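The values are calculated or read from the model by the stated rules, or taken from the named source; none is laboratory data. Model, not experiment: these values are computed from the prediction. Ideal geometry is used to build each Cβ from the backbone, glycine not excepted, and the neighbour counts take in all protein chains shown.
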Amino acid sequence: MEYLTALLIGLASSAGAVLPPGMLNLSVATASLEAGKGAGFRYAAGIVTVFLVQTSIAIVGVNYLRTNPDIVELLSWWAIPVLALLALFFFFKWFRERQATESVERQREEKTVENPYWEGISVSLVNFLAIPYFFAIGSWLMSDGILDTAVLAKAAFVVGAAAGAMLILTAYASGARWIDAHAHYVTRHVHLLVGALFVILAGVQSYRMFF
C-alpha cells in the first residue's frame, strides 16, 4: 500500500513542477505549433527523460545531499551565471523574431524541429528547478512520515512524478493550438516570457546567495 501511496503522491507532486506556464511546457507547446503534435510528444519525452534523472537525484539522494551541503551550495552559485546566459539567449531569439520581415506565424511554418527528443533533453538539462523542488518536497514528506524512506517507495514516487510530468506536457502539446488561439500573446512572445522568467530566477537565486 505504501508503494501505491508513493506513486500517487509523486503523480500529484509533478503538477507543481510542470503545470504552471514556464520554460518547459511552453517549449513543448511551441514545438507542437512548429512541427506538429508528434514532435511535441517527442519533445516532452526528452524533457521527462532528464526530469526522471533529476527527480531520482533529489529523492534518492535526499540524505546524501543533506550531509553534503557544499554540493548544493556549489550548484546554487553556478546557477546564477547559467540563468543569466539563458535569459540573454532567449531575449536574442525574441529580438530576431521581432526584426524579421515575416510574421512569427510564418517563421514557425518555415522552421523545422529536427530532433525534438534531443532538443527536449537539452532544454531540460538547463532547468535547475526540479532538483531543489523535489528535494524540498521529499524532505518534507519523509520527515512527516508521509513518504516511506524505503528505496522501492522512493522509486515509486519518482516513477509517479515522471508519469505525471509526461501527462501534463503531452496535454500542453495537444492543446498548443488552443493555447495559441486563446493566449496568443503568450505564444507569440514565448521567448521573451521565458527570458524574463530566467531573469527573475537569476534575481531570486542571487538574492538567496548574497543576502
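Could you figure out which of (1) touching a Ser or Thr at 6+ places or on another chain (Cβ under 7 Å); (2) more than 19 Å from A39 (Cα to Cα) isn't true of V123? Status for V123: all satisfied but (2). Taking the residues in the range 142-152 that are of a type outside the set (D, E) and surrounded by fewer than 21 Cβ atoms within 10 Å (Cβ to Cβ) as candidates, determine which candidate is nearest to Y3 (Cα to Cα). Going through the qualifying residues, I end up with L152.
Please go through (1) in contact (Cβ under 8 Å) with a residue 12 or more places away in the chain; (2) under 23 Å from G138 (Cβ atoms); (3) not in a helix (DSSP H, G or I) for P20 and return the number of the only condition it doesn't satisfy. That leaves (1) as the condition not met. In the range 83-94, the residues that are among the hydrophobic types (A, V, I, L, M, F, W, C) form Cβ pairs under 7 Å with partners that are at pLDDT below 75 and outside any helix (DSSP H, G or I), at six or more places apart or across chains, as follows: L86/V126; W94/H189. If the condition is being within 15 Å of the chain's Cα centre (by Cα) and among the polar types (S, T, N, Q), then the range 9-40 contributes S13, S14, N25, S27, T30. Candidates L169, L193: the one that is buried (at least 16 other Cβ atoms within 10 Å of the Cβ), at pLDDT 80 or above and part of a helix (DSSP H, G or I) is L169.
For the range 10-33, residues that are within 26 Å of A156 (Cα to Cα) and touching a Phe, Trp or Tyr at 6+ places or on another chain (Cβ under 6 Å) total 4.
Of all residues in the range 169-198, those that are under 14 Å from E97 (Cα atoms) have Cβ atoms under 7 Å from Cβ atoms of residues that are among the aliphatic types (A, V, I, L, M) and at pLDDT below 70, 6 or more apart or on another chain, in R188/V104; L193/V186. The residue of the range 118-133 that is nearest to A15 (Cα to Cα), among those that are under 12 Å from the mean Cα position of the chain (by Cα) and of a type in the set (F, W, Y), is Y133.
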